[in-house]
Amino acid sequence: MEESKHLRAIPSVDTILREIGNIGLPRPIVVKVIREHLEKVRSAGERSFDSALIVSEIRRALNRCRMQKMRRVINATGVVIHTNLGRSPLAPAAVDAVTRAASGYSNLELDLDTGTRSSRAAYLEQSLAVICGAEAAIVVNNCAAALVLILNHFASRKPRDRVIISRGELVQIGGGFRVPEILAASGATLHEIGTTNRTTADDYRQAISDETAMLLRVHRSNFYQLGFVQDALASTIAAIARESDIPFVEDLGSGATFDTQSLGEDAGREPTPAAAILDGANLVCFSGDKLLGGPQAGIIAGDAAHVAALKKNPLFRALRCDKLTLAALEATVDLLLNGQSDELPIRRMMAMPVEQLRARGANILSALDNNGVEARLVDTHSTPGGGTLPALSIDSIAITVRRGGFSAPQLADALRRSSPPIVARIADDRVLLDLRTVLPDEDEAIVQALLALGADRGPLNSDD
Ligand SMILES: *Cc1c(COP(=O)(O)O)cnc(C)c1O
């Protein structure tokens, strides 16, 4: 009796719904969040309830929930291919292609010439083969999926299930992609050779046995080794594989189709898919949304027979891309083949001269009216990110922001809560807005956010 009297004192779902009003979330979501919170309050077994507190806690939970919805953000981190921020923005032509494919029907699996069913992505597969200098190509969901498909097909059946790979290439890329784990999950058996810093052609030769399914090379995408380092040449590994009639596969990761040294002397030379195939790789795989500048995808290119075999594997059906990805990738590759790579946002960002960034920064500063936010231009360095070109740092310009009484993390928080959210970088206890990764049409939003930050509007961390 006593107990139920207190329970009745908890506000009802309807009361809270009325109190909260329109918060920009579908009603069933709001009801779920309210119910869960009330359940928590009930099970806490308190004797009395502060209904205003309950409502404000629910409002905070709903705001957190709303912030998890996908939305456009401004990348002011200076990390061009930022995995947490969706890697490569698409070129306008790719965005148009996605819109067209999404808003109507398409000839996804229909041959318009004969009127019969066709395989999807026939044109795209051909254009990828051309850009890779390969006989054939296919596309799956991402580069991890590409490697799983390749390993599962060529290296998961005993007695030939051993994959020879250098100990220097048992790497981790980003969160959750570890080469030994991918191998194990694909049903292949790892056969490590050489050492962390040195693996020779003889190491490959001596390791080959009747159980060897494949020679695999994995590009050290996100780090580099200096000092007493040696690797066998790809062309030598390819020759060894050919002698034993074993496929040689290269996971290239970034899949730059241009000479990355053009980005800066310290960039280093990423192997292009075409160069890897020319060196004798039977198959290569790489991402669509790293240096290629397209949508998330995994591209496999190489010998016609090997690619055709992969396409028949039931896993290919499970890993294939949807029409939106195919449309975006097709448009992106067309730009590359047409010599219009400067249409790709990531290529444009990486190539933008510092002086242009400085001029944009000066424009932004002149639009601020010195109202409590202290903003200055500083020289800084951007990075390609996305596990590519780890040695490259690109000269850049950033706006540093200060506001009386607030720490750098508090300011970064406030910028992230702006609309649109701005993701900044903190370095040496300063908030930096690196303009290299801010799209030029986003400069105005930076001005507005800084003006709002300067205006007196109470505590910066308010959730309401
Ligand atoms: C990035 C990377 C991958 C993973 O690519 P996703 O497209 O993110 O799946 C695999 N291998 C290498 C070498 C990479 O650099």
Query raised in the report: Does Asp203 fit the bill of being charged (D, E, K, R), part of a helix (DSSP H, G or I) and open to solvent by less than 50 Å² (accessible area, probe 1.4 Å)?
Result: yes
Query raised in the report: Any idea which of Ala274, Ala234, Ala309, Ala301 is farther than 20 Å from Asp161 by Cβ, of a type in the set (A, V, I, L, M, F, W, C) and away from the ligand (no atom under 16 Å from the Cβ)?
Result: Ala274
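Just for the stretch 278-296: of the residues that are closer than 18 Å to Glu343 by Cβ and among the small types (Gly, Ala, Ser), which one is farthest from the ligand (Cβ to nearest atom)?
Here the residue is Gly293.
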Report task. Assess whether Ala134 counts as being crowded, with 21+ Cβ neighbours inside 10 Å, of a type in the set (A, V, I, L, M), under 23 Å from Thr332 (Cβ atoms) and away from the ligand (no atom under 16 Å from the Cβ). Result -> yes
Query raised in the report: If you check Thr77, Thr114, which single one turns out to be open to solvent by less than 50 Å² (accessible area, probe 1.4 Å), in a loop (DSSP other than H, G, I, E, B) and among the β-branched types (Val, Ile, Thr)?
Result: Thr77
Report summary line: Among the residues of the stretch 166-193, the number that are within 19 Å of Ala213 (Cβ to Cβ), open to solvent by less than 20 Å² (accessible area, probe 1.4 Å) and either part of a loop (DSSP other than H, G, I, E, B) or away from the ligand (no atom under 15 Å from the Cβ) (or both) is 3
Query raised in the report: Restricting attention to the stretch 47-65, which residues are open to solvent by 70 Å² or more (accessible area, probe 1.4 Å) and in contact with a helix residue (DSSP H, G or I) (Cβ under 8 Å, 6 or more places away or on another chain)?
Result: Arg47, Ser48, Arg59
Query - Residue that is nearest to the ligand (Cβ to nearest atom), among those in the stretch 194-204 that are more than 29 Å from the chain's Cα centre (by Cα) and of a type in the set (S, T, N, Q) - result: Thr199
Query raised in the report: Can you pull out the residues in the stretch 140-160 that are more than 15 Å from the ligand (Cβ to nearest atom) and either open to solvent by less than 10 Å² (accessible area, probe 1.4 Å) or of a type in the set (Ser, Thr, Tyr) (or both)?
Result: Ala155, Ser156
Query raised in the report: Among the residues of the stretch 267-285, is there at least one that is closer than 22 Å to Val98 by Cα, within 18 Å of the chain's Cα centre (by Cα) and at pLDDT 95 or above?
Result: no
Requested in this report: For the stretch 301-340, name all the residues that are without any contact (Cβ under 8 Å) to a residue 12 or more places away in the chain and either surrounded by 22 or more Cβ atoms within 10 Å (Cβ to Cβ) or within 23 Å of Ile277 (Cα to Cα) (or both).
Outcome: Ala305, Lys312, Asn338, Gly339
Query raised in the report: Counting just the residues of the stretch 90-111 that are in a loop (DSSP other than H, G, I, E, B) and more than 16 Å from the ligand (Cβ to nearest atom), which one comes out surrounded by the most Cβ atoms within 10 Å (Cβ to Cβ)?
Result: Ala91
Query - Leading residue by the ranking (nearest to Arg376 (Cα to Cα)) among those in the stretch 417-437 that are at pLDDT 95 or above and loosely packed, with under 15 Cβ neighbours inside 10 Å - result: Ile426
Requested in this report: Could you grab me the full set of residues in the stretch 375-392 that are surrounded by fewer than 19 Cβ atoms within 10 Å (Cβ to Cβ) and over 17 Å from Arg358 (Cα atoms)?
Outcome: Pro390, Ala391
Query raised in the report: Assuming Ala256 fulfils every condition listed in (1) away from the ligand (no atom under 16 Å from the Cβ); (2) under 30 Å from Asp342 (Cα atoms); (3) not in a helix (DSSP H, G or I) apart from one, which condition is it?
Result: (1)
Query raised in the report: Using beta carbons and a limit of 6 Å, which pairs, at least six apart or on different chains, have the first residue in the stretch 214-230 and open to solvent by 40 Å² or more (accessible area, probe 1.4 Å) and at pLDDT below 90 and the second one of a type in the set (Gly, Ala, Ser) and part of a loop (DSSP other than H, G, I, E, B)?
Result: Asn222/Gly387; Tyr224/Ala391
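The values are calculated or read from the model by the stated rules, or taken from the named source; none is laboratory data. Treat the numbers as computed from the prediction; the structure is a model and nothing was measured. In this analysis, Cβ positions are derived from the backbone assuming ideal geometry, glycine residues included, and neighbour counts consider all displayed protein chains. Areas reflect the complete protein model, heavy atoms only, side chains present, ligands, DNA and RNA absent. Shrake-Rupley method; radii C 1.70, N 1.55, O 1.52, S 1.80 Å.
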